[in-house]
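Report on one structure; see the data block that follows.
The values are calculated or read from the model by the stated rules, or taken from the named source; none is laboratory data. A quick note: this is a predicted structure, and the numbers were derived from the prediction, not measured. Glycine gets a Cβ as well: all are built from the backbone with ideal geometry, and neighbour counts include every protein chain shown. Protein only, heavy atoms only, side chains kept; ligands, DNA and RNA dropped before computing areas. Shrake-Rupley method; radii C 1.70, N 1.55, O 1.52, S 1.80 Å.
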Amino acid sequence: MIHCEEGVARIIQSFAQTIVDPHHWRSAMELLSDRVGAVGCALELTDLNSGAAVMENTVQLDADQLGQYQDRIFHVNPRIIRALSMNLGQVADDRVLMSQRDYENSEFLDWLEGTPYYYIIGSKILNDNGHVGFLTANFAKNRGKATQDDHKIFSLLTPHLVNILAASRVLSANQLCNDTLTLSAMDAERPFAFLDRAGRLIECSQGFVQALRSQRFLDVRNSSLVARHGQHRAALDGFLNAALGPKRYIEPPLPLRLSKPDAPRGLVIRAVPLAPQNDPFDIFRPAALITLTDLDEPYQVKRRDLVAIFDLTVREADVAALIAEGHSPQQAAAHLRIGLDTVRQHLKAIYSKLNVSRQADLVSMIAKVS
C-alpha cells in the first residue's frame, strides 16, 4: 500500500510511458496492482459501434476464460453496464457498481468464481466516438472491498489516464488501441512534440510543424512554444507550467483550448508529463509530450486507404469519403459532378464491399480506419 502523493507520482510516471510504448501498459498496471494490494489490474476497452471488447489483464487467464469474457460476459457484466453510464473520469467501486440482485447473476458469477479476484475499484478513462475504456484494480474476496486509500490513489491517477489515452488517440488517429511511437513517426502527419524540463522543443513531427503553419494560435521562438496573441499567453504559460512543474504528476495540466472569432472551435493542446529517465529514442530526455487537435480543421478521409483496405475503386472511395466527412448523397453528387443515381449505385457497391446496410454503419466503419 502507498499513502503518499510521491508514491502515486511513480505510478503516474509508469503509465505515462505507455504513450511512447503501449506495451508498457502491463508493467504499469502491475506496479499499480502491487501498490494497492490487488490480485491484478485490468484495462477494458469496448467499441459500442461494433460490440467488440478487449481486455488486457495482469492476471493470466486461460484462453477460454478470456475469450468467454470478451465474447459474452463483458456484455452481461453488471459492473460494465453501470459503468457505461458513468461520467468520464469518475471513480467507483462495488458499492456503486454492484447491487444485491447482481449477486444472483449466475452467468457472470460463475465466470467470476473461476478467476482469482472478486471485488474491484475502477475509473472510466475513455469515452470518445463510441470507444469506452475502464481501468480497474481487482481484489481477492478475503481482501474485501476498496478502501479510502484505494479511492485516493485512483482519484489522483485517473485525470492522468484520461489525458494519456486522449493524447494516445491523437497519435493513433483515434484507433481503439494506439501504435508504438517510434523515431520514424516524426515524419508522420500526427501532430506531436516533445519538450524538455525548461519547456524547449526537443523534437516534433512533421504534422506538428504543419499544424503550427496552418493555424494562428501558436509559434516557436527560441525553441519554446509561445502564444501568438496576448489573450492566450497567460493561459499557455499556466498550461506549460502545469505540464513541466514540480506538481505535474499531482496536479496534471488540463487540456487547453485556444479559440478566436475566426476559429471558434479552436485548437486543443494536451500534455502528458513524462518521467525524466524516459528516453524512448536514446537521443534525448523529454519531460512532456504535447499533442494538438485543430477542431476547425475539416475531417478528411484518406481515399487511398479506402482503396487499399476495402478494395474500393477510386470513384467509390471518393463517394465513401465524402459521405463519411458529413456530405449527403446529393452534395457528394454535386461535388464530384456526377448524377445522384450514379452516387447511389456507388453506395450500393460500397455497402456490399464493407458488408454494411446503412449509411451510419458506413460512416462508423470508415471512422475506425481513417
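Among the residues of segment 212-222 satisfying the criterion of being hydrophobic (A, V, I, L, M, F, W, C) and open to solvent by 20 Å² or more (accessible area, probe 1.4 Å), which is modelled with the highest pLDDT?
Of the residues in segment 212-222, the ones hydrophobic (A, V, I, L, M, F, W, C) are 212, 217-218, 220.
Subset that is open to solvent by 20 Å² or more (accessible area, probe 1.4 Å): 212, 220.
Numbers: L212: 84, V220: 89.
Top of the filtered list is V220.
Return the residues of segment 91-108 that are surrounded by 14 or more Cβ atoms within 10 Å (Cβ to Cβ) and without any contact (Cβ under 8 Å) to a residue 60 or more places away in the chain; say none if nothing qualifies. Steps first, answer last, please.
So in segment 91-108, the residues surrounded by 14 or more Cβ atoms within 10 Å (Cβ to Cβ) come out as 91-94, 96-98, 102, 105, 108.
Within segment 91-108, A92, D93, D94, V96, L97, M98, D102, N105, F108 meet the criteria.
Considering only segment 205-231, state which residues are part of a strand (DSSP E or B) and in contact (Cβ under 8 Å) with a residue 40 or more places away in the chain.
Going residue by residue through segment 205-231, those that are part of a strand (DSSP E or B) are 218-221, 224-227.
Hits for segment 205-231 are L218, L225.
So which residues in segment 251-284 are of a type in the set (K, R) and either closer than 23 Å to R10 by Cβ or at pLDDT 90 or above (or both)?
Within segment 251-284, the subset of a type in the set (K, R) is 257, 260, 265, 270.
Hits for segment 251-284 are R257, R270.
Please verify whether segment 168-183 includes one or more residues that are surrounded by fewer than 18 Cβ atoms within 10 Å (Cβ to Cβ), assigned to a helix (DSSP H, G or I) and modelled with pLDDT under 90.
Among the residues of segment 168-183, at least one is surrounded by fewer than 18 Cβ atoms within 10 Å (Cβ to Cβ), assigned to a helix (DSSP H, G or I) and modelled with pLDDT under 90, which makes the answer yes.
Can you name the number of the only condition in (1) at pLDDT below 80; (2) within 18 Å of the chain's Cα centre (by Cα); (3) of a type outside the set (A, V, I, L, M, F, W, C) that Q68 fails?
Evaluating Q68 over (1) at pLDDT below 80; (2) within 18 Å of the chain's Cα centre (by Cα); (3) of a type outside the set (A, V, I, L, M, F, W, C) leaves (2) as the failure.
Given the criteria under 15 Å from the mean Cα position of the chain (by Cα) and not in a loop (DSSP other than H, G, I, E, B), does A42 qualify?
no
Of all residues in segment 294-307, which are modelled with pLDDT of 75 or more and exposed (fewer than 12 other Cβ atoms within 10 Å of the Cβ)? Give the steps one after another, and end with the answer.
First pass over segment 294-307, keeping only residues modelled with pLDDT of 75 or more: 294-296, 302-307.
Hit for segment 294-307 is R304, nothing else.
Of everything in segment 344-357 that's closer than 16 Å to H327 by Cβ and not β-branched (V, I, T), which residue is surrounded by the fewest Cβ atoms within 10 Å (Cβ to Cβ)?
Looking at the filtered set, the residue picked out is R344.
Identify, by number, the condition in (1) in a loop (DSSP other than H, G, I, E, B); (2) modelled with pLDDT of 85 or more; (3) open to solvent by less than 70 Å² (accessible area, probe 1.4 Å) that A242 doesn't meet.
The failed condition is (1).
Anything in segment 311-335 that is open to solvent by 30 Å² or more (accessible area, probe 1.4 Å) and in a helix (DSSP H, G or I)? List them, or say none. Walk me through how you get there before you give the answer.
So the first thing to find is which residues in segment 311-335 are open to solvent by 30 Å² or more (accessible area, probe 1.4 Å), and the list is 311, 313-315, 318, 325-328, 330-331, 334-335.
Within segment 311-335, V314, R315, D318, Q330, Q331, A334, H335 meet the criteria.
If we keep just the residues of segment 109-128 that are in contact with a Lys or Arg (Cβ under 9 Å, 6 or more places away or on another chain) and surrounded by 15 or more Cβ atoms within 10 Å (Cβ to Cβ), which is nearest to L45 (Cα to Cα)?
Start the filter on segment 109-128 by keeping residues that are in contact with a Lys or Arg (Cβ under 9 Å, 6 or more places away or on another chain), which leaves 111, 117-122, 126, 128.
Checking the rest, the ones that are also surrounded by 15 or more Cβ atoms within 10 Å (Cβ to Cβ) come to 111, 117-122, 126.
Numbers: W111: 19, Y117: 19, Y118: 20, Y119: 19, I120: 16, I121: 16, G122: 13, L126: 8 Å.
If we take residues in segment 109-128 being in contact with a Lys or Arg (Cβ under 9 Å, 6 or more places away or on another chain) and surrounded by 15 or more Cβ atoms within 10 Å (Cβ to Cβ), then L126 is nearest to L45 (Cα to Cα).
Only residues that are free of Cβ contacts under 8 Å to residues at least 12 places away in the same chain and either touching an Asp or Glu at 6+ places or on another chain (Cβ under 8 Å) or not acidic (D, E) (or both): list them for segment 3-39, please.
From segment 3-39, those free of Cβ contacts under 8 Å to residues at least 12 places away in the same chain are 4, 6, 24, 34; that's our starting set.
C4, H24 - these are the residues of segment 3-39 that are free of Cβ contacts under 8 Å to residues at least 12 places away in the same chain and either touching an Asp or Glu at 6+ places or on another chain (Cβ under 8 Å) or not acidic (D, E) (or both).
Quick one: count up the residues across segment 115-151 that are in contact (Cβ under 8 Å) with a residue 12 or more places away in the chain and either of a type in the set (D, E) or more than 30 Å from V363 (Cα to Cα) (or both). Give the derivation first.
Residues of segment 115-151 that are in contact (Cβ under 8 Å) with a residue 12 or more places away in the chain, as a first pass: 115-141, 143-146, 149-151.
Applying the additional criterion that residues be either of a type in the set (D, E) or more than 30 Å from V363 (Cα to Cα) (or both) yields 115-122, 128, 136-141, 143-146, 149-151.
Going through segment 115-151 one residue at a time, the tally reaches 22.
How do the pairs read when you match residues in segment 54-65 that are under 15 Å from G40 (Cα atoms) and open to solvent by less than 20 Å² (accessible area, probe 1.4 Å) with residues anywhere that are in a helix (DSSP H, G or I) and not β-branched (V, I, T), using Cβ under 8 Å and keeping only pairs 6 or more apart or on different chains?
Between residues of segment 54-65 that are under 15 Å from G40 (Cα atoms) and open to solvent by less than 20 Å² (accessible area, probe 1.4 Å) and residues that are in a helix (DSSP H, G or I) and not β-branched (V, I, T), the close pairs are M55/L66; M55/Y69; M55/Q70; M55/F74; N57/L66; L61/Y69.
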